[in-house]
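Below is one structure, written out as structure tokens; the observations come after it.
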Ligand SMILES: Cc1ncc(COP(=O)(O)O)c(C=O)c1O
């Protein structure tokens, strides 16, 4: 149905129906949370074996002492295979890739990169593909880095805009990228986008790409998206110092108790270590080794991810199916993504309605990521985007979440159209 083509009378009749539907749903007293991209308990239990072993005397001595600031060599090798890098380019950190990103931005601000002056000497800017990950934007906001919105296109950020900014403005020092199954749109950067990012002329010698490959092995279908290897392209172009790549096992093993890593050029690694050496004598190598024994190799990781997928893919499917049934067929109040991997569905509702949808959902017992959170400064000027995180909710609660969400979208959008027509 095209809601915008309804007459004033049709809209006011529909508004009454939607109000009743919403009130009926709200009266059921549900309590559901689809706000954060957290794995569910069943997913966490898949890693139970990892928590059982190995026995103390099975750990290599290197894992049981200070040292190996870059991480255990075998763990560096494993991450290198996952990311298509060389083990010498991998730094293995603690439990959080976000932590590594924060520290990297802070090093840029405090010390600068590659002999350039520290970023905090002047006002600097980051490009922020939108909608995007609120915690990336949070890092910038926390440090007072100005953020510039770059619209996503379905195959990565709008590169004409990116190239224009980085070529003309030396105060643009960074860009946030989630190149595979992006948070929240689920899109994967095309080969052309990756190539352009790696090779584009930049005004700032110390411009850096924060390549957050959080969802590199997180498939929801049998036909994975293929992401080009940005570091390989950058090496050919001589721009490898531009790339800081990140990933972690937060959504392979245990969120909050995984292992994170960073991939970078030899020069960048040397520089990073020269600062990190003052920060810690070494990260938790016991956890690194536990992960190595459990994960084994990329093939075994793929098997683990198949088990993860068996738990979460039906949750994505249930939501997509409900959207298709309720908002399919040329409907003009909701558009959504159907991701082949990652953790999110991005829902765009009628302009000016996202906040109201959030408010209605909350009042009926459903917690969503706050409307606006997918934009820098929490400002979605079109008030349109909502991020849906299907994984955490248990399958029994999902129908309630869907019922509330659908009723709220319909009520908010029909009310807006009726008001405009009044
Ligand atoms: C794109 C992206 N990067 C990083 C993270 C956090 O990763 P970590 O647990 O390694 O800090 C998330 C978590 O939702 C994410 O969506």
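Values for this structure:
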item	result
Criterion (surrounded by 20 or more Cβ atoms within 10 Å (Cβ to Cβ) and farther than 22 Å from residue 126 by Cα) met by exactly one of 225, 191, 212	225
Condition met for residue 251 (at pLDDT 95 or above, in contact with a helix residue (DSSP H, G or I) (Cβ under 8 Å, 6 or more places away or on another chain) and either in a loop (DSSP other than H, G, I, E, B) or surrounded by fewer than 19 Cβ atoms within 10 Å (Cβ to Cβ) (or both))	yes
Yes/no for residue 187 being within 16 Å of the ligand (Cβ to nearest atom) and farther than 16 Å from residue 101 by Cβ	yes
Search result, residues across the range 78-105 that are in a helix (DSSP H, G or I) and within 15 Å of the ligand (Cβ to nearest atom)	79, 82, 83, 97, 98, 99, 100, 101, 102, 103, 104, 105
Residues satisfying the stated conditions in the range 8-47, i.e. free of Cβ contacts under 8 Å to residues at least 24 places away in the same chain and either farther than 21 Å from residue 402 by Cα or in contact with a helix residue (DSSP H, G or I) (Cβ under 6 Å, 6 or more places away or on another chain) (or both)	9, 10, 13, 45
Residue satisfying all of: in the range 258-272; under 18 Å from the mean Cα position of the chain (by Cα) and in a loop (DSSP other than H, G, I, E, B); nearest to residue 71 (Cα to Cα) among these	259
Selection from the range 47-64 of residues that are under 32 Å from the mean Cα position of the chain (by Cα), under 13 Å from residue 288 (Cβ atoms) and in a loop (DSSP other than H, G, I, E, B)	54
Qualifying residues in the range 146-173 (those that are over 17 Å from the mean Cα position of the chain (by Cα) and assigned to a loop (DSSP other than H, G, I, E, B)) - the one nearest to residue 124 (Cα to Cα)	171
Hits in the range 4-38 (condition: farther than 24 Å from residue 399 by Cβ and in a helix (DSSP H, G or I))	4, 5, 8, 9, 10, 11, 12, 13, 15, 16
Test: residue in the range 294-308 that is farther than 26 Å from residue 103 by Cα, at pLDDT 95 or above and assigned to a loop (DSSP other than H, G, I, E, B)	yes
Options 328, 365, 358: the member that is at pLDDT below 95 and either away from the ligand (no atom under 16 Å from the Cβ) or in contact with a strand residue (DSSP E or B) (Cβ under 7 Å, 6 or more places away or on another chain) (or both)	328
Single residue of 67, 71 found to be surrounded by fewer than 17 Cβ atoms within 10 Å (Cβ to Cβ) and not in a helix (DSSP H, G or I)	67
Single residue of 373, 407 found to be under 20 Å from residue 22 (Cα atoms) and not assigned by TED's automatic domain parsing to the domain that holds residue 182	407
Residue 99 vs. criteria touching a helix residue (DSSP H, G or I) at 6+ places or on another chain (Cβ under 7 Å) and surrounded by fewer than 21 Cβ atoms within 10 Å (Cβ to Cβ)	no
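The values are calculated or read from the model by the stated rules, or taken from the named source; none is laboratory data. Treat the numbers as computed from the prediction; the structure is a model and nothing was measured. Methodologically, a virtual Cβ is constructed for each residue, glycine included, from the backbone with ideal geometry; neighbour enumeration extends over all protein chains shown.
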